[in-house]
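K.L.:
Take this structure first; my questions come after.
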Amino acid sequence: MPATTRLPINFDQLARTVASAAVGDGLPRDWQDALARERGDRPIVVVAAAPKSGSTFLVNTLGRALGLPNVRLCSAYSTNEHDLYLPALCLVNRNGCVSQLHMKGSYHNASLMRMFGIRPLILVRRIDDIVVSLAHDFRRKAQQPAYGSGLIGYSFVWQDQCIAELSDERLLDMIIALAVPWFVNFYVSWFRLCERHAVDALWVTYEQLIPGKRKTLDQILAFLGASPSVIVDDELLEQRYATFRTGGTGEGAAVLTPAQRARLREPFAFYPGVDFAMYGL
């Protein structure tokens, strides 16, 4: 039998080619040029956020500061969609918007962000505090009429009546088993894109944002090319934050058992080259 010829594959080049083809198939070059010509000076702000990281507070505040509408830019109006949606981007190209998305970093998303001049904000939080905050969130949502209907949930954990019946310890165990791998994937995907300079992003942590709200907001606005924050009333900022409060720093260390903390860290061991410091690890 003749020997099989194996071609050398540059996987980074392959990923870029696939991403470019996907974007090109959705939007012809003359359309891309037209969008670039008509783009306004109001930014498209994408907050790529890990759930329970203060993203709702941040998006709400940025929308007020910049005078931008809050628009979902994913492929469906659902928390289960994690990709930028080309028609939605075209619609907001001229007037801008602010969007909160639990989306992972992908070459396709990076291509669209470059095309539309988007410099994403990546919002994360200590992973042990996220686990505890998710548990509290599930308990609150269990009181809502739609609980167990499939209408309330995250893509990594669907709430149903079975969850409502779990003890606190079993609920935390379930979140560690099912949700934490999603958070690892979210973090690693953006870390890799930034490492390879595929996106120009600003990382923001919950621990940085909440204690110094105005200072951090000013840094974010400067990164986005906007004027210094128009929000000068610290009391007003605190009132807005209270509406979206998702817990304090250090809750995870106080609530999780040593065994749970050990299990929580297991999925991170698969990525020895990734610095998880912004997850508190």
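K.L.:
If you roll a 1.4 Å probe over the heavy atoms of the protein chains, what accessible area per residue do you get for the stretch 153-281, in Å²?
P.N.:
I get 51 Å² per residue for this part.
K.L.:
FRET efficiency for Arg64 and Cys90, Cβ-Cβ distance as r, R0 = 22 Å, nearest 0.05?
P.N.:
So the FRET efficiency works out to roughly 0.30.
K.L.:
Expressed as a whole percentage, what fraction of the accessible surface of the stretch 86-166 belongs to carbon and sulfur atoms when a 1.4 Å probe is rolled over the protein heavy atoms?
P.N.:
Values: 1670 of 3070 Å².
Heavy-atom surface of the stretch 86-166 belonging to carbon and sulfur, 1.4 Å probe: 54 percent.
K.L.:
So, in nm, how far is label Ser155 from label Ala262 when the simple model puts each one 7 Å beyond its Cα toward the Cβ?
P.N.:
Taking the two extended label points, one gets 3.3 nm.
K.L.:
To make sure I understand the rule: partners must be aspartates and glutamates, Cα under 16 Å from the Cα of Lys52, and not fewer than 8 residues away in the same chain. Which ones qualify?
P.N.:
Here the aspartates and glutamates satisfying the reach criterion relative to Lys52 are Asp128, Asp129, Asp137, Glu207, Glu251.
K.L.:
Leaving out ligands, DNA and RNA, and with a 1.4 Å probe, what % of the accessible surface on the stretch 167-281 is carbon or sulfur?
P.N.:
56
K.L.:
Which length gain, in nm to one decimal place, applies between Arg240 and Trp203 when the Cα-Cα distance is subtracted from 0.36 nm times their residue separation?
P.N.:
Between Arg240 and Trp203, full extension yields an extra 11.1 nm.
The values are calculated or read from the model by the stated rules, or taken from the named source; none is laboratory data. Predicted, not measured: the structure shown is a model, and the values here were computed from it. Cβ: placed from backbone, ideal geometry, glycine included. Neighbour counts: every protein chain shown. Calculation scope for accessible area: heavy atoms of the full protein, side chains included, ligands and nucleic acids excluded. Shrake-Rupley method; radii C 1.70, N 1.55, O 1.52, S 1.80 Å.
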